[in-house]
1. Please state which of the following conditions residue 49 fails to meet, knowing it meets all the rest: (1) touching a helix residue (DSSP H, G or I) at 6+ places or on another chain (Cβ under 8 Å); (2) closer than 21 Å to residue 114 by Cβ; (3) modelled with pLDDT of 80 or more.
2. Among 124, 171, 162, which is more than 27 Å from residue 30 (Cβ to Cβ) and in contact with a helix residue (DSSP H, G or I) (Cβ under 6 Å, 6 or more places away or on another chain)?
3. What number of residues within segment 137-179 are over 24 Å from residue 83 (Cα atoms), surrounded by fewer than 16 Cβ atoms within 10 Å (Cβ to Cβ) and in contact (Cβ under 8 Å) with a residue 60 or more places away in the chain?
4. Write out, first by first residue and then by second, each pair whose Cβ atoms fall under 6 Å of each other, whose residues are 6+ apart or on separate chains, and whose first residue, in segment 58-77, is under 19 Å from residue 104 (Cα atoms) while the second is outside any helix (DSSP H, G or I).
5. Considering only segment 58-136, give the helices (runs of 4 or more DSSP H) lying wholly within it that have at least 3 residues that are surrounded by fewer than 21 Cβ atoms within 10 Å (Cβ to Cβ) and modelled with pLDDT of 95 or more.
6. Could you tell me whether any residue of segment 22-33 is at pLDDT below 80, surrounded by 16 or more Cβ atoms within 10 Å (Cβ to Cβ) and part of a helix (DSSP H, G or I)?
7. Given the criteria touching a residue at least 12 places away in the same chain (Cβ under 8 Å) and more than 20 Å from residue 89 (Cβ to Cβ), does residue 116 qualify?
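The values are calculated or read from the model by the stated rules, or taken from the named source; none is laboratory data. All values reported here derive from a predicted model rather than from experimental measurement. Heads up, the Cβs are rebuilt from the backbone with ideal geometry, glycines too, and the neighbour counts pull from every protein chain shown.
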């Protein structure tokens with residue numbers, strides 16, 4: 001049997017590239033890499049960012065009056081947080097997950113709380129990124145077929161992310177108590 005030398009190298013390259021993975025700096029998810037540059041702004045690998053885009057397409061076309069998309073945004077953003085000058089993203093995601101997990105509020109209610117809080121410019125303080133990441137990621141949500149099971153897994157992911165930020169639970173409860181008209 002004769003192997004065509006011209007294609008042998010190409011096949012070897014395909015095998016090598018299939019073995020390369022990327023590690024998401026935000027959630028730790030390891031996925032096959034497509035060699036795209038990292039998503040520095042989102043503290044994620046490009047592959048993880050694409051998975052979040054896939055989940056967003058699902059949640060935004062879901063037609064759920066409770067707006068489950070807000071819970072996905074809060075969970076993903078908090079799991080991929082970077083300390084910034086204003087830290088508003090961390091604060092709003094903590095507040096959104098607190099309202100969802102601790103108070104049983106819908107994504108629409110969390111979104112309205114974000115709008116209420118956004119009316120006044122505030123210093124949101126300093127946060128520490130948790131040392132231990134949540135055990136679930138966006139991939140776990142997408143592995144469940146569309147429907148009620150996926151929504152349940154999304155909320156399980158949101159709760160896991162919320163629990164990984166236990167050091168900020170007191171701050172979040174206090175902020176909601178003091179700044180929101182309807183907690």
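1. It is condition (2) that residue 49 fails.
2. Numbers: 171 fails: in contact with a helix residue (DSSP H, G or I) (Cβ under 6 Å, 6 or more places away or on another chain); 162 fails: more than 27 Å from residue 30 (Cβ to Cβ).
The conditions single out 124.
3. So the answer is 1.
4. Pairs found: 59/68; 66/106.
5. Details: elements: 69-79, 88-97, 107-117.
Passing ranges, in order: 107-117.
6. no
7. No: the conditions fail for residue 116.
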